Amino acid sequence: MVNPHLFDIDGTREISGSGVVYLFARFLNAENKDLAYLAIIGSLGDVQEEYINNEQFKINNEILNDAVSSGKIKIDRGLRMFGLQTRSLHKLLEYSTDPYIPGITGSEENSLQFLNELNIPVKTIDNKWRRLCDLNEEELKKLVTGIVLRRMGSEEKPEDVLGEIYTLVEEDELAPTRNAKEYATLLNACGKLGKASLGIGVCLDDKKSKEKAIELLLDYKREIIKSLNWFYSNRKTNLIIEDKNFVLINTENHLRDTIVGVLTSIISKSNLYNDNTILVAMAYTPDDQIKVSLRGVNSNIDMKKLLGKINEKMSIEFGGHTAAAGCLIPLEKEKEFIEVAKDILSAIK
(Lines give C-alpha, C1' and ligand atoms only; values in the text may rest on other atoms or scores of the structure.)
Protein backbone atom coordinates (compact mmCIF):
# COMPACT_ATOMS: atom_id res chain seq x y z
CA MET A 1 0.00 0.00 0.00
CA VAL A 2 1.26 3.48 -0.91
CA ASN A 3 -0.02 6.45 1.09
CA PRO A 4 1.01 9.88 -0.29
CA HIS A 5 0.27 11.52 3.07
CA LEU A 6 3.21 9.63 4.58
CA PHE A 7 5.46 11.56 2.19
CA ASP A 8 3.91 14.97 2.92
CA ILE A 9 1.89 14.87 -0.30
CA ASP A 10 -1.70 16.06 0.11
CA GLY A 11 -3.96 13.30 -1.18
CA THR A 12 -6.89 15.70 -1.01
CA ARG A 13 -5.55 18.04 -3.69
CA GLU A 14 -2.15 17.02 -5.08
CA ILE A 15 -2.98 13.49 -6.21
CA SER A 16 -5.76 10.91 -6.04
CA GLY A 17 -5.56 7.17 -5.48
CA SER A 18 -5.85 6.63 -9.22
CA GLY A 19 -2.93 9.02 -9.71
CA VAL A 20 -0.75 7.00 -7.34
CA VAL A 21 -1.57 3.80 -9.23
CA TYR A 22 -0.81 5.50 -12.55
CA LEU A 23 2.60 6.76 -11.39
CA PHE A 24 3.45 3.23 -10.26
CA ALA A 25 2.41 1.83 -13.66
CA ARG A 26 4.47 4.49 -15.46
CA PHE A 27 7.47 3.67 -13.27
CA LEU A 28 7.20 0.01 -14.30
CA ASN A 29 6.99 0.86 -18.00
CA ALA A 30 7.15 4.28 -19.64
CA GLU A 31 4.74 3.05 -22.33
CA ASN A 32 2.01 3.06 -19.68
CA LYS A 33 1.88 6.81 -20.15
CA ASP A 34 -1.17 6.16 -22.33
CA LEU A 35 -3.07 5.24 -19.12
CA ALA A 36 -2.80 8.76 -17.68
CA TYR A 37 -6.36 9.55 -18.77
CA LEU A 38 -7.67 6.96 -16.28
CA ALA A 39 -5.87 8.80 -13.47
CA ILE A 40 -7.54 12.05 -14.53
CA ILE A 41 -10.94 10.36 -14.52
CA GLY A 42 -10.17 9.14 -10.99
CA SER A 43 -9.12 12.62 -9.86
CA LEU A 44 -12.39 14.08 -11.15
CA GLY A 45 -14.32 11.35 -9.36
CA ASP A 46 -12.38 12.22 -6.21
CA VAL A 47 -13.54 15.87 -6.39
CA GLN A 48 -10.12 17.23 -7.40
CA GLU A 49 -11.34 19.14 -10.44
CA GLU A 50 -9.90 22.52 -9.40
CA TYR A 51 -6.48 20.98 -8.67
CA ILE A 52 -5.85 19.17 -11.97
CA ASN A 53 -5.11 21.86 -14.55
CA ASN A 54 -3.28 23.95 -11.96
CA GLU A 55 0.51 24.30 -11.89
CA GLN A 56 0.38 24.88 -8.13
CA PHE A 57 -0.42 21.17 -7.75
CA LYS A 58 2.44 19.74 -9.75
CA ILE A 59 1.73 16.01 -9.55
CA ASN A 60 -1.86 16.18 -10.80
CA ASN A 61 -0.74 18.70 -13.42
CA GLU A 62 2.06 16.37 -14.57
CA ILE A 63 -0.41 13.51 -14.97
CA LEU A 64 -2.73 15.76 -16.97
CA ASN A 65 0.14 16.71 -19.27
CA ASP A 66 0.79 12.99 -19.84
CA ALA A 67 -2.89 12.43 -20.70
CA VAL A 68 -2.91 15.33 -23.17
CA SER A 69 0.44 14.53 -24.80
CA SER A 70 -0.59 10.90 -25.29
CA GLY A 71 -3.57 12.12 -27.32
CA LYS A 72 -6.20 10.65 -25.00
CA ILE A 73 -7.64 13.86 -23.54
CA LYS A 74 -8.27 17.35 -24.85
CA ILE A 75 -9.08 20.34 -22.65
CA ASP A 76 -11.67 22.97 -23.55
CA ARG A 77 -13.25 25.79 -21.58
CA GLY A 78 -17.01 25.78 -21.25
CA LEU A 79 -20.03 25.42 -18.99
CA ARG A 80 -18.98 23.17 -16.13
CA MET A 81 -22.16 21.14 -15.96
CA PHE A 82 -22.71 17.42 -15.68
CA GLY A 83 -24.26 15.70 -18.69
CA LEU A 84 -22.75 17.83 -21.46
CA GLN A 85 -22.52 14.85 -23.80
CA THR A 86 -25.73 13.02 -22.98
CA ARG A 87 -28.43 15.34 -21.66
CA SER A 88 -30.81 17.46 -23.69
CA LEU A 89 -30.28 21.18 -23.15
CA HIS A 90 -33.29 21.79 -20.89
CA LYS A 91 -32.48 18.71 -18.79
CA LEU A 92 -28.88 19.89 -18.47
CA LEU A 93 -30.18 23.08 -16.83
CA GLU A 94 -32.87 21.34 -14.77
CA TYR A 95 -30.41 18.92 -13.19
CA SER A 96 -27.59 21.44 -12.69
CA THR A 97 -26.74 21.63 -8.97
CA ASP A 98 -23.15 22.81 -9.39
CA PRO A 99 -23.43 25.49 -10.64
CA TYR A 100 -26.82 26.09 -9.04
CA ILE A 101 -29.22 28.19 -11.16
CA PRO A 102 -31.92 29.88 -9.02
CA GLY A 103 -35.42 29.23 -10.33
CA ILE A 104 -34.11 26.84 -12.98
CA THR A 105 -32.42 23.98 -11.12
CA GLY A 106 -35.02 21.37 -10.27
CA SER A 107 -37.72 22.61 -12.66
CA GLU A 108 -38.19 21.27 -16.19
CA GLU A 109 -40.92 23.83 -16.90
CA ASN A 110 -38.74 26.77 -15.83
CA SER A 111 -35.78 25.41 -17.79
CA LEU A 112 -37.83 25.31 -20.98
CA GLN A 113 -39.24 28.78 -20.31
CA PHE A 114 -35.74 30.15 -19.63
CA LEU A 115 -34.45 28.88 -22.98
CA ASN A 116 -37.52 30.27 -24.71
CA GLU A 117 -36.86 33.70 -23.15
CA LEU A 118 -33.32 33.54 -24.54
CA ASN A 119 -34.69 32.64 -28.00
CA ILE A 120 -32.74 29.37 -27.98
CA PRO A 121 -34.71 26.60 -29.74
CA VAL A 122 -34.88 23.41 -27.68
CA LYS A 123 -35.49 21.10 -30.65
CA THR A 124 -33.78 20.49 -33.97
CA ILE A 125 -35.47 20.77 -37.36
CA ASP A 126 -36.26 17.03 -37.23
CA ASN A 127 -37.88 17.46 -33.78
CA LYS A 128 -35.08 16.01 -31.66
CA TRP A 129 -34.01 17.57 -28.37
CA ARG A 130 -30.93 19.76 -28.77
CA ARG A 131 -27.84 19.31 -26.64
CA LEU A 132 -25.25 21.89 -25.63
CA CYS A 133 -22.96 20.83 -28.48
CA ASP A 134 -25.74 21.72 -30.95
CA LEU A 135 -25.62 25.43 -30.03
CA ASN A 136 -23.83 27.92 -32.23
CA GLU A 137 -21.42 30.46 -30.75
CA GLU A 138 -24.04 33.21 -30.42
CA GLU A 139 -26.52 30.89 -28.67
CA LEU A 140 -23.82 29.68 -26.30
CA LYS A 141 -22.91 33.25 -25.34
CA LYS A 142 -26.58 34.06 -24.70
CA LEU A 143 -26.94 30.96 -22.53
CA VAL A 144 -23.85 31.72 -20.41
CA THR A 145 -24.90 35.36 -19.96
CA GLY A 146 -28.43 34.32 -19.03
CA ILE A 147 -27.19 31.84 -16.41
CA VAL A 148 -24.81 34.41 -14.88
CA LEU A 149 -27.62 37.00 -14.65
CA ARG A 150 -29.88 34.42 -13.00
CA ARG A 151 -27.23 33.75 -10.37
CA MET A 152 -26.62 37.40 -9.49
CA GLY A 153 -27.83 38.43 -6.06
CA SER A 154 -28.07 34.91 -4.68
CA GLU A 155 -24.69 33.35 -5.47
CA GLU A 156 -21.32 34.49 -4.11
CA LYS A 157 -19.63 34.08 -7.51
CA PRO A 158 -22.41 34.30 -10.13
CA GLU A 159 -19.89 34.20 -12.98
CA ASP A 160 -18.38 30.94 -11.74
CA VAL A 161 -20.15 28.78 -14.32
CA LEU A 162 -17.23 28.14 -16.66
CA GLY A 163 -14.45 25.62 -16.19
CA GLU A 164 -12.27 23.03 -17.87
CA ILE A 165 -14.02 20.34 -19.90
CA TYR A 166 -12.00 17.14 -20.23
CA THR A 167 -12.96 15.21 -23.37
CA LEU A 168 -11.82 11.66 -24.14
CA VAL A 169 -11.24 12.05 -27.84
CA GLU A 170 -11.29 8.33 -28.72
CA GLU A 171 -14.76 7.73 -27.24
CA ASP A 172 -18.00 7.97 -29.24
CA GLU A 173 -19.36 11.51 -29.31
CA LEU A 174 -22.72 10.65 -27.72
CA ALA A 175 -21.38 8.15 -25.18
CA PRO A 176 -21.28 8.94 -21.43
CA THR A 177 -17.61 7.95 -21.57
CA ARG A 178 -16.79 10.88 -23.87
CA ASN A 179 -16.77 13.39 -21.00
CA ALA A 180 -14.31 12.56 -18.21
CA LYS A 181 -16.70 13.59 -15.41
CA GLU A 182 -19.46 11.42 -16.83
CA TYR A 183 -16.96 8.58 -17.23
CA ALA A 184 -16.12 8.94 -13.52
CA THR A 185 -19.81 8.78 -12.63
CA LEU A 186 -20.23 5.64 -14.74
CA LEU A 187 -17.41 3.96 -12.81
CA ASN A 188 -18.84 5.23 -9.53
CA ALA A 189 -22.20 3.68 -10.42
CA CYS A 190 -20.52 0.31 -10.97
CA GLY A 191 -18.86 0.50 -7.56
CA LYS A 192 -21.89 1.79 -5.66
CA LEU A 193 -24.15 -0.93 -7.06
CA GLY A 194 -21.71 -3.76 -6.37
CA LYS A 195 -20.55 -4.30 -9.96
CA ALA A 196 -16.87 -3.36 -9.71
CA SER A 197 -15.92 -5.90 -12.38
CA LEU A 198 -18.01 -3.98 -14.91
CA GLY A 199 -16.07 -0.83 -14.08
CA ILE A 200 -12.80 -2.66 -14.69
CA GLY A 201 -14.16 -3.87 -18.03
CA VAL A 202 -15.06 -0.30 -18.98
CA CYS A 203 -11.51 0.86 -18.22
CA LEU A 204 -10.21 -2.01 -20.37
CA ASP A 205 -12.40 -0.70 -23.21
CA ASP A 206 -14.50 -3.87 -23.32
CA LYS A 207 -17.56 -3.14 -25.47
CA LYS A 208 -19.97 -5.47 -23.61
CA SER A 209 -18.87 -4.11 -20.23
CA LYS A 210 -19.53 -0.57 -21.45
CA GLU A 211 -23.01 -1.51 -22.66
CA LYS A 212 -23.88 -3.18 -19.34
CA ALA A 213 -22.38 -0.30 -17.33
CA ILE A 214 -24.46 2.25 -19.24
CA GLU A 215 -27.58 0.19 -18.42
CA LEU A 216 -26.45 0.08 -14.79
CA LEU A 217 -26.10 3.87 -14.83
CA LEU A 218 -29.87 4.11 -15.23
CA ASP A 219 -30.32 2.00 -12.08
CA TYR A 220 -27.84 4.25 -10.30
CA LYS A 221 -29.82 7.35 -11.27
CA ARG A 222 -33.01 5.70 -10.00
CA GLU A 223 -31.31 4.98 -6.68
CA ILE A 224 -30.24 8.62 -6.41
CA ILE A 225 -33.76 9.85 -7.23
CA LYS A 226 -35.14 7.41 -4.66
CA SER A 227 -32.72 8.75 -2.03
CA LEU A 228 -33.64 12.37 -2.77
CA ASN A 229 -37.36 11.59 -2.66
CA TRP A 230 -36.88 9.82 0.66
CA PHE A 231 -34.93 12.80 2.04
CA TYR A 232 -37.54 15.40 1.10
CA SER A 233 -40.39 13.18 2.31
CA ASN A 234 -38.77 12.71 5.73
CA ARG A 235 -37.44 16.21 6.53
CA LYS A 236 -40.19 16.70 9.11
CA THR A 237 -39.74 13.30 10.78
CA ASN A 238 -37.43 12.32 13.63
CA LEU A 239 -35.12 10.59 11.13
CA ILE A 240 -33.75 13.97 10.04
CA ILE A 241 -32.46 16.46 12.60
CA GLU A 242 -31.93 20.00 11.26
CA ASP A 243 -29.83 22.25 13.48
CA LYS A 244 -28.24 25.64 12.75
CA ASN A 245 -24.81 23.94 12.54
CA PHE A 246 -25.64 20.52 11.14
CA VAL A 247 -28.17 18.21 9.53
CA LEU A 248 -28.22 14.58 10.65
CA ILE A 249 -29.92 12.19 8.23
CA ASN A 250 -30.58 8.69 9.56
CA THR A 251 -31.83 6.62 6.63
CA GLU A 252 -31.73 3.41 8.69
CA ASN A 253 -32.47 0.56 6.22
CA HIS A 254 -34.48 2.66 3.77
CA LEU A 255 -31.55 3.42 1.42
CA ARG A 256 -28.43 1.61 0.21
CA ASP A 257 -25.44 2.34 2.42
CA THR A 258 -23.39 2.91 -0.76
CA ILE A 259 -25.66 5.80 -1.81
CA VAL A 260 -25.67 7.99 1.33
CA GLY A 261 -22.37 9.65 0.41
CA VAL A 262 -23.80 10.61 -2.98
CA LEU A 263 -26.95 11.91 -1.26
CA THR A 264 -24.99 14.18 1.08
CA SER A 265 -22.86 15.46 -1.81
CA ILE A 266 -25.95 16.43 -3.82
CA ILE A 267 -27.61 18.10 -0.83
CA SER A 268 -24.41 20.01 -0.03
CA LYS A 269 -24.57 21.66 -3.47
CA SER A 270 -28.32 22.31 -3.51
CA ASN A 271 -28.44 25.70 -1.71
CA LEU A 272 -30.87 24.10 0.73
CA TYR A 273 -28.71 24.87 3.76
CA ASN A 274 -26.46 27.74 4.81
CA ASP A 275 -22.71 27.72 4.22
CA ASN A 276 -20.67 25.78 6.80
CA THR A 277 -23.59 23.47 7.62
CA ILE A 278 -22.27 19.95 8.28
CA LEU A 279 -24.25 17.11 6.69
CA VAL A 280 -24.15 13.70 8.36
CA ALA A 281 -25.90 10.76 6.68
CA MET A 282 -26.26 7.27 8.14
CA ALA A 283 -27.37 3.94 6.65
CA TYR A 284 -27.44 0.34 7.81
CA THR A 285 -25.06 -2.04 6.04
CA PRO A 286 -25.83 -5.71 5.22
CA ASP A 287 -23.37 -6.85 7.94
CA ASP A 288 -25.14 -5.08 10.84
CA GLN A 289 -23.03 -1.95 10.88
CA ILE A 290 -23.85 1.67 10.14
CA LYS A 291 -22.08 3.61 7.42
CA VAL A 292 -21.73 7.33 8.10
CA SER A 293 -20.85 10.01 5.52
CA LEU A 294 -19.90 13.62 6.26
CA ARG A 295 -19.92 16.57 3.86
CA GLY A 296 -19.84 20.33 4.37
CA VAL A 297 -21.83 23.06 2.62
CA ASN A 298 -19.19 25.43 1.18
CA SER A 299 -17.23 24.71 4.33
CA ASN A 300 -13.56 24.99 5.25
CA ILE A 301 -14.13 22.70 8.23
CA ASP A 302 -12.07 19.50 8.04
CA MET A 303 -14.51 16.58 7.91
CA LYS A 304 -11.90 14.02 8.88
CA LYS A 305 -10.90 16.04 11.96
CA LEU A 306 -14.56 16.18 13.00
CA LEU A 307 -14.72 12.40 12.95
CA GLY A 308 -11.46 12.39 14.90
CA LYS A 309 -13.20 14.37 17.65
CA ILE A 310 -16.06 11.90 17.67
CA ASN A 311 -13.49 9.09 17.86
CA GLU A 312 -12.14 10.63 21.08
CA LYS A 313 -15.57 10.10 22.66
CA MET A 314 -16.30 6.68 21.19
CA SER A 315 -14.09 4.32 19.22
CA ILE A 316 -14.97 4.35 15.51
CA GLU A 317 -13.33 3.21 12.29
CA PHE A 318 -13.01 6.38 10.20
CA GLY A 319 -11.19 7.87 7.22
CA GLY A 320 -11.42 10.49 4.50
CA HIS A 321 -10.08 13.97 3.99
CA THR A 322 -10.96 17.65 4.38
CA ALA A 323 -13.98 17.79 2.08
CA ALA A 324 -15.48 14.35 2.70
CA ALA A 325 -15.10 11.70 5.36
CA GLY A 326 -16.86 8.62 6.65
CA CYS A 327 -16.87 5.94 9.30
CA LEU A 328 -18.33 2.59 10.27
CA ILE A 329 -19.96 2.00 13.64
CA PRO A 330 -21.62 -1.09 15.16
CA LEU A 331 -25.40 -1.08 14.88
CA GLU A 332 -25.76 -1.19 18.66
CA LYS A 333 -23.90 2.14 18.97
CA GLU A 334 -26.39 4.02 16.78
CA LYS A 335 -27.94 6.13 19.56
CA GLU A 336 -24.58 6.80 21.19
CA PHE A 337 -23.11 8.05 17.91
CA ILE A 338 -26.07 10.36 17.27
CA GLU A 339 -25.77 11.94 20.73
CA VAL A 340 -21.98 12.35 20.52
CA ALA A 341 -22.24 13.79 16.99
CA LYS A 342 -24.93 16.25 18.07
CA ASP A 343 -22.82 17.47 21.01
CA ILE A 344 -19.69 18.00 18.92
CA LEU A 345 -21.38 19.50 15.85
CA SER A 346 -23.60 21.87 17.82
CA ALA A 347 -20.48 23.30 19.51
CA ILE A 348 -18.90 24.37 16.20
CA LYS A 349 -18.56 28.14 15.89
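Just a yes or no: is a residue in the stretch 143-161 among the basic types (K, R), at pLDDT 95 or above and more than 16 Å from the chain's Cα centre (by Cα)? Within the stretch 143-161 (the criterion being among the basic types (K, R), at pLDDT 95 or above and more than 16 Å from the chain's Cα centre (by Cα)), the answer is no, since none of the residues qualifies. Just one residue in the set Y183, Y166 is closer than 29 Å to I120 by Cα, part of a strand (DSSP E or B) and aromatic (F, W, Y); that residue is Y166. Look at the stretch 249-274: where a residue is at positive phi and a partner is assigned to a loop (DSSP other than H, G, I, E, B) and of a type in the set (S, T, N, Q), sitting 6+ places away or on another chain with Cβ atoms under 9 Å, you get N271/T105; N271/S154.
A search for C-beta distances below 9 Å between a residue of the stretch 319-343 that is at positive phi and surrounded by 19 or more Cβ atoms within 10 Å (Cβ to Cβ) and any residue that is of a type in the set (S, T, Y) and at pLDDT 95 or above, counting only pairs 6+ apart in sequence or on different chains, returns G320/S293.
The residues of the stretch 244-255 that are touching a strand residue (DSSP E or B) at 6+ places or on another chain (Cβ under 9 Å) and either among the hydrophobic types (A, V, I, L, M, F, W, C) or under 19 Å from G296 (Cα atoms) (or both), listed by number, are N245, F246, V247, L248, I249, N250, T251, L255.
Is it the case that some residue within the stretch 18-39 is of a type in the set (V, I, T) and in contact with a Phe, Trp or Tyr (Cβ under 7 Å, 6 or more places away or on another chain)? Within the stretch 18-39, none of the residues are of a type in the set (V, I, T) and in contact with a Phe, Trp or Tyr (Cβ under 7 Å, 6 or more places away or on another chain). Can you tell me which residue within the stretch 237-253, out of those that are touching a Ser or Thr at 6+ places or on another chain (Cβ under 9 Å) and not in a strand (DSSP E or B), is nearest to A283 (Cα to Cα)? Here the answer is T251. The residue that is nearest to I104 (Cα to Cα), among those in the stretch 139-163 that are part of a loop (DSSP other than H, G, I, E, B) and among the acidic types (D, E), is E155.
Matching residues to (1) hydroxyl-bearing (S, T, Y); (2) in contact (Cβ under 8 Å) with a residue 60 or more places away in the chain; (3) closer than 17 Å to S96 by Cβ; (4) not assigned by TED's automatic domain parsing to the domain that holds T86:
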position	(1), (2), (3), (4)
R151	no, no, yes, no
N188	no, yes, no, yes
K192	no, yes, no, yes
A196	no, no, no, yes
D206	no, no, no, yes
E211	no, no, no, yes
Y220	yes, no, no, yes
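Taking T105 as meeting all but one of (1) in the same structural domain as T124 (by TED's automatic domain parsing); (2) of a type in the set (V, I, T); (3) out of contact with any strand residue (DSSP E or B) (no Cβ under 7 Å at 6 or more places or on another chain), write down the number of the exception. All conditions are met except number (3). Take the conditions (1) loosely packed, with under 14 Cβ neighbours inside 10 Å; (2) on the phi > 0 side of the Ramachandran plot; (3) not acidic (D, E); G106 misses just one of them, which is (1).
Is there a residue being surrounded by fewer than 18 Cβ atoms within 10 Å (Cβ to Cβ) and acidic (D, E) anywhere in the stretch 74-91? Yes, the stretch 74-91 contains a residue that is surrounded by fewer than 18 Cβ atoms within 10 Å (Cβ to Cβ) and acidic (D, E). On inspection, V2 does not qualify as on the phi > 0 side of the Ramachandran plot and modelled with pLDDT under 95.
Checking each residue in the stretch 171-186 for being over 22 Å from N60 (Cα atoms) and either touching a residue at least 40 places away in the same chain (Cβ under 8 Å) or not acidic (D, E) (or both) picks out E173, L174, A175, P176. At least 1 residues being under 22 Å from E170 (Cβ atoms) and at pLDDT 95 or above is the threshold, and among the helices (runs of 4 or more DSSP H) wholly inside the stretch 28-138 those reaching it are 36-45, 58-69.
The values are calculated or read from the model by the stated rules, or taken from the named source; none is laboratory data. Just so we're clear, the structure is a prediction, and the values are computed from it rather than from any experiment. Quick reminder, even Gly has a Cβ in these numbers, built from the backbone with ideal geometry, and neighbours come from all protein chains shown.
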